[in-house]
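Note sheet for the following structure.
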Amino acid sequence: MSQLSAIKDRVRTITNLHKVTKAMEMVTRTKIHKMRQNAASAKDYQELYAGLFGALALKYVIKPGASQETSQKYCLAFFSQKGFCGGFNEKLLNCLRAALATEKIPPKLYLLGRFQAKWKHVLAREFQHIAARENTYREETAGLVAEIGAKILAGEKIEVCFIYNRLVSVLEQTPLAQKIYPPDPPAVEKEILLEPDVDALYPEALKGYLTACLAKAYWESAAGEYYFRLLSMKNANDNAELILGGLLLEYNKTRQTRITQELSEVISAFDVLKVSAEKKERGV
Amino acid sequence: MAAGGRGKVIQIIGPIIDIHFEQDEIPEIRNAIEIRHNYNGVKQRVIAEVAMQTEGGIVRCVSLLPTEGLPRGAEAVDTGHPIMTPVGKTVLGRVFNPMGETIDNGPPIPPETERHSIRGNPPLFQDIDPQDNVYETGIKVIDLMSPYVKGGKTGLFGGAGVGKTVIIMELIHNMATHHGGISVFAGVGERTREGNDLWLDMKSSGVLQKTSLVFGQMGEQPGARLITPLTALTQAEYFRDREHQDVLFFMDNVFRFVQAGSEVSTLLGRMPSAVGYQPTLGVEMGRLEERITSTRSGYITSIQAVFVPADDITDPAAAITFSHLDASTVLSRQIAAMGIYPAVDPLQSSSRILDVSIVGREHYQTAQEVKRVLQRYNELKDIVAILGVSELPKEDELIVNRARKIQRFFSQPFAVAEQFTGLPGRYVKLVDTIQGFRTILSGAADDLPEQAFYMAGSIEEVREKAAKMQ
């Protein structure tokens, strides 16, 4: 009996797991459309803003006396909000480690997303953690954006780098370490008219630019997380169904073997009894 | 009854012979009966053992030799005693059949040699002397998870082709060569070739002079296979009781003994019991196992291989053997399928002496911790199969990684399997074994690649392998 109950226990475990993964897949499916929209609009907005800011930055003259060497580097890595998303975090982690390995001065590291505690021992370095929930991430990162903005305006030569999973397609998200500031000069220089002047506009534009970049990275990463989750939950469901099928087959086979054995024992015992009864009758 | 009673064969069904004796000449149960006859012009001799006495002076005997050509009406002679086997120093270095005759083409056993009946009795209750000393085998997984008892009984359980015989051969290699004392080997119903291999192997390693081998292999009659362990045991008992020696007793395979009993049981007219086994399964096993024991006069340390039919450990034959043993090592097909040899299942294997007061705190704690890690890994296996390792919390991920390393570290190259693995055998001392597993459990080996743990001896060897890989 022990064998049967062991199989039954496993069937129960896997059925429960299967329920969880199935529910997760359904939840992900309902949310994914909104995420995709957010990512698309954030991407468009950032592209526009980047073009504008690039042109503006060309005209802005850094205060004299500012240092020429990069004094500080900021690194923001966008991890997932929840688990159950396959290799999403691992891919990003590898990219982050590769990026950090090449740095000479240790950058200020910020990890966004609630699912980061696991990487502490892997990174083995100081970092600050921002939970960055979907509806509050702006407020949570506002302080950081202001800090970076103030440093740039004060004339410090700093670098800002975002590390996130770029959304290529539903099936493909590639981890990317993207330099946000200083911005690359625009390919085509546009004629722009500034009112009142560049010095008045630059601080506002800088803040807007950083926020737009953050929004793009955040929403692309978030949408990527959902796509990853959808895929991994689908795989998990397939796996669970496969294992369940095998287990049920094994269970029925074991059960049937037992029945067959018991039947044959009963029948043969009955036959023996019949023969011995006959022998007795004949007086042998 | 006195010897020399003569009877006539009246019925032959396979190995079962019914013989009619006159009322005052009826042989006793277990007496050996000799029948001589001619078959194709060749003189034949059949030895049978009285198993049942029925009405009308008919005794039902189990033949130990083939009954081909045996005619009804042939004359049967009662030898007046059970099967006897020579005992004492003369049996060392020799190979016997279950009837106590040599089969190695050597010089005949001198007639003045002492002979004992193979149907002895278990030692008395007050003479039994249970032992609590660890017998180091040099096999990591066995020494750690199911330490063998010096002077105790140990079983090796496993389905077909998971490596029972290889392990028992390795144990003979490790134990008999280091043991220095006398060993007795009973080959019951296994491959005849293996018996020959063992004999040649022992001869070349020089252990043969301290060993007696008794073979009733798969080609023998069920009656012969049924008494093979008894013959070997009688020889072992002599060394224990008369010469006060520590004897190593190996048996491969106990299940064949049960199977032989089952083969004759139905022919004797007994109604089969659960799963078709003989109704006397318990008493047959009991009579055998109770004799394999340590007494005040000497120890018998026995290692018995037990075949597990259809990998079902709850099979009556396997289950009944379990209860007699001090330590049991269970081999598993899943582990063998992973390529990990010896395929010992550390969670199912157990030992009576895996106790703090006997093996010491360090050994006990290491074994328990290894068990805990492997158990947790087993629980997590389904989750890993469905979701992948990355979904596990950090602690569980570590457990999975360590458990996989532990599993691989349980594998070990064997001296007797050198031709299969191409690796020289490793004998790992118990201290090194414990040290190795403690290193894995403490996390000090977390950075070593999993593959380095496979087929290694000590943890130092793992480190060397890892260094070579990088």
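The values are calculated or read from the model by the stated rules, or taken from the named source; none is laboratory data. These numbers were taken from a predicted model, which means no experiment stands behind them. Cβ placement follows ideal geometry from the backbone for every residue including glycine, while neighbour counts extend to all protein chains displayed. In case anyone asks, the SASA skips ligands and DNA or RNA and just uses the protein heavy atoms, side chains included. Shrake-Rupley method; radii C 1.70, N 1.55, O 1.52, S 1.80 Å.
For chain B, the longest principal axis of the Cα atoms and the long axis of helix B:430-442 meet at an angle of about 40 degrees.
Bridge orientation summary for region A:33-229: considering DSSP beta bridges with both residues in this region, about 35 percent are antiparallel. Once backbone amide H atoms are built at 1.01 Å from N, A:Ser80 has A:Phe115 as its partners under 5 Å, excluding neighbours fewer than 5 places away on the same chain. A straight line joining the Cα centroids of region A:228-284 and region B:289-334 runs 27 Å.
Only lysines eight or more places from B:Lys405 in sequence, or on another chain, were considered; those with a Cα closer than 20 Å are B:Lys140, B:Lys371, B:Lys381, B:Lys394, B:Lys429, B:Lys465, B:Lys468.
Helix-derived [θ] at 222 nm for chain B: sum -39500 (n - 2.57) over DSSP H runs of at least 4, divide by residue count, nearest 500? If you can, show how the numbers build up before the last one.
On the way: 14 runs with 160 residues, N = 470.
That calculation yields -10500 deg cm²/dmol at 222 nm.
Going by accessible surface with a 1.4 Å probe and the largest first, A:Trp119, B:Trp199 read B:Trp199, A:Trp119. What separates the Cα centres of region B:388-440 and region B:94-161 is a distance of 31 Å.
Checking every one of the trypsin sites (Lys or Arg not before Pro) in region B:422-468 against DSSP loop status and a limit of 16 other Cβ atoms within 10 Å picks out B:Lys429. Shown are B:His20, B:His363, whose ranking by accessible area with a 1.4 Å probe and every protein chain present, most to least, is B:His20, B:His363. Taking amide H as placed 1.01 Å from N in the peptide plane, B:Gly152 has its amide H under 5 Å from the amide H of B:Ser302, each at least 5 places away in sequence or on another chain. Put simply, the amide H of A:Ile180, placed in the peptide plane, has neighbours under 5 Å in A:Val160, A:Cys161, A:Phe162, leaving out anything fewer than 5 places away on its chain. Between helix B:459-469 and chain B there is an angle of about 60 degrees, using the helix long axis and the longest principal axis of the Cα atoms.
At most 11 other Cβ atoms within 10 Å plus a DSSP loop assignment makes a site exposed; report the longest stretch of chain A without any exposed GluC sites (Glu not before Pro). Numbers along the way, then the final one.
Values: sites that count: A:Glu69, A:Glu126, A:Glu172, A:Glu189, A:Glu191.
Longest site-free region, per DSSP loop and neighbour criteria: A:192-284.
Here B:Tyr277 sits with roughly 20 square angstrom of accessible surface, probe radius 1.4 Å.
Taking the solvent-accessible surface of protein heavy atoms with a 1.4 Å probe, what is the per residue accessible area of the protein assembly as shown in Å²?
On the way: 35570 Å² over 754 residues.
With all protein chains present, the protein assembly as shown gives 47 Å² per residue.
Our helix-only sum for chain A, with -39,500 (n - 2.57) per DSSP H run of n ≥ 4 divided by its residues, gives a mean residue ellipticity at 222 nm of -23000 deg cm²/dmol. Over region B:304-450, Cα pairs under 8 Å with separation of 6+ residues give a relative contact order of 18 percent. Which of rounded, prolate or oblate describes region B:88-216 when judged by the alpha-carbon gyration tensor and an a/c cut-off of 1.5? In terms of gyration-tensor shape, oblate. Can you list the chymotrypsin sites (Phe, Trp or Tyr not before Pro) in region B:61-152 that are in a DSSP coil and have 13 or fewer other beta carbons within 10 angstrom? Those that pass, being in a loop and sparsely packed, number zero. 3J(HN,Hα) along region A:88-93: 3, 6, 5, 4, 5, 4 Hz, from the Karplus curve 6.51 cos²θ - 1.76 cosθ + 1.60 with θ = phi - 60°, whole Hz, x for Gly and Pro.
Give the percent of DSSP beta bridges with both residues in chain B that are antiparallel, rounded to the nearest 5. Walk me through the numbers before you get to the answer.
Values: 43 of 73 bridges.
Once the DSSP bridges in chain B are tallied, antiparallel ones form about 60 percent.
Please give the helix B:361-387 orientation as an angle from the longest Cα principal axis of chain B, in degrees from 0 to 90, rounded to the nearest 10. The angle comes out near 80 degrees.
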